[in-house]
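Take a look at the structure below.
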Amino acid sequence: MNRTYLQMISGESTAHTPVWFMRQAGRSQVKYREIKNGRTLFDIVREPELCTYVTKLPVDEYDVDAAILYNDIMTPLLPMGVDVEIQSGIGPVIANPIRTRHDIDQLRGFDMAEELPFMGETIRLLTQEQLTVPLIGFCGAPFTLASYMIEGGPSKNYIKTRQMLLGEPELWDYLMTKLTDMSIDYLLYQIKSGANAIQIFDSWIGIVGTEVYHYRIFPHMCRLIDALHRQYPHVPITIFGVGTTHLLPVWKELPIDVIGIDWRCSWQLAKHMGIQQTIQGNLDPLYLFSEWSILKAEIDRILMHGKLHGRHIFNLGHGILPDTNPDVIKRVVAYVHEASQV
């Protein structure tokens with residue numbers, strides 16, 4: 001196995017800087033679009049052999065140093081009783097949003113192996129037979145899941161979520177406790193099935209202030225991460241969110257191994273904050289549409305900062321955009337490998 005990704009996180013010497021991309025398996029790939037025609041994401045996820053193929057596509061096409069399980073953060077909400085549909089051009093839309101304590105009471109606990117057997121089989125196929133790189137399992141962080149569940153879908157200002165967070169703290173903690181319990185079981189199931197690493201996507205946590213995060217969210221995140229590390233201390237955990245520069249002083253106190261930064265975050269600022277964990281990021285996805293000389297210069301700048309930091313995983317500051325040219329992605333991977341050789 002190409003273990004460069006895991007070696008970088010653990011502080012071992014590597015032949016080059018590892019690189020992978022969020023949303024590397026998806027709409028930017030011609031073969032994926034052919035598969036997706038007439039199928040929903042949930043359809044693909046429920047077919048282990050097909051999901052294995054989709055997960056492995058970017059490894060074969062781009063030569064990235066890690067694969068991330070093809071899935072969606074909404075998957076574990078379905079067996080909890082959340083009526084969610086992923087609508088094209090919109091995202092997850094929830095027909096039964098959370099409004100009251102009774103709504104939270106209705107969220108069901110469930111057995112992962114019984115309700116999500118296809119996921120365990122996909123991970124086993126990937127890690128035991130198909131992949132030559134580490135597999136990253138993932139979940140949506142409790143806050144981000146809660147934001148979708150409360151708002152009923154994507155939101156620009158998250159008014160209902162913030163109203164519960166700030167105005168009904170006991171109700172908020174009740175929901176977060178349920179989602180944290182589920183997330184622990186969900187990620188442990190992925191690790192037991194063979195996932196080599198975990199990434200927690202807290203996509204929309206950037207709307208929360210530092211002090212509110214510290215009191216209302218930090219304890220739940222610590223409990224989630226501690227539960228994984230107690231059983232699997234050698235499985236690295238990454239956290240990533242958008243617009244989270246102000247949260248880095250709190251995030252660096254979480255018991256995590258990797259902090260993903262978006263393109264808005266300054267490397268100098270991250271250094272000033274004293275982050276010791278591996279940093280993942282942080283090329284602006286729009287650079288992939290630039291002339292090569294411009295793109296190359298930005299890659300060089302990020303690699304320089306990553307080398308100065310000491311432990312760096314090259315990635316985007318968010319996911320690959322659907323119209324990205326696959327040939328550019330492949331060229332970036334090859335250049336990162338070449339330019340970072342030691």
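The values are calculated or read from the model by the stated rules, or taken from the named source; none is laboratory data. The structure presented is a predicted model; accordingly, all values stated were derived computationally and were not measured. So basically every Cβ, Gly included, is an ideal-geometry build from the backbone, and we count neighbours across all protein chains shown. Just so you know, the surface numbers come from the protein's heavy atoms only, side chains and all, with ligands and any DNA or RNA stripped out. Shrake-Rupley method; radii C 1.70, N 1.55, O 1.52, S 1.80 Å.
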What shape does the stretch 152-193 have by the C-alpha gyration tensor, where a ≥ b ≥ c are the square roots of the eigenvalues, rounded means a/c under 1.5, and otherwise prolate means a/b greater than b/c and oblate the rest?
-> oblate
List the trypsin sites (Lys or Arg not before Pro) within the stretch 144-242 that fall in a DSSP loop (any state other than H, G, I, E or B) and whose Cβ has at most 11 other Cβ atoms within 10 Å.
-> Lys156
Rg and Dmax of the stretch 68-116, using alpha carbons, in Å: what are they?
-> 12.2, 36
Under 12 Å from the Cβ of Glu12, count the other residues' Cβ atoms, weight Lys and Arg +1, Asp and Glu -1, and hand me the total.
-> +2
Cβ-based net charge around Ala113, under 14 Å, with every Lys or Arg adding one and every Asp or Glu removing one | -3
Isotropically averaged projected area of the chain, using the convex hull of Cα atoms (one quarter of hull area), nm² = 15.8 nm²
By Kyte-Doolittle mean hydropathy of at least -1.0 and Cα axial length of at least 27 Å, which whole DSSP H helices of the chain are selected?
-> 169-193
Difference of contour (0.36 nm per residue) and Cα-Cα distance, Val93 to His234 | 47.2 nm
For the chain, which longest stretch is free of loop sites, where a loop site is one of the GluC sites (Glu not before Pro) that DSSP puts outside H, G, I, E and B and that has at most 13 other Cβ atoms within 10 Å?
-> 13-252
Report relative contact order for the chain in percent, whole number only (criteria: Cα-Cα under 8 Å, sequence separation at least 6).
-> 22 percent
With the other protein chains left in place, how much accessible area per residue, in square angstrom, belongs to the stretch 84-148 at a 1.4 angstrom probe?
-> 45 Å²
About its Cα centre, what dipole magnitude does the stretch 3-340 give when the only charges are +1 on Lys and Arg Cβ and -1 on Asp and Glu Cβ, stated in debye to the nearest 20?
-> 560 debye
Taking Lys and Arg as +1 and Asp and Glu as -1, residues besides Ile259 with C-beta under 15 Å from its C-beta add up to 0
Might you work out the accessible area of Met304 for me, using a 1.4 Å probe with all protein chains in place, and round it to the nearest 10 Å²?
-> 100 Å²
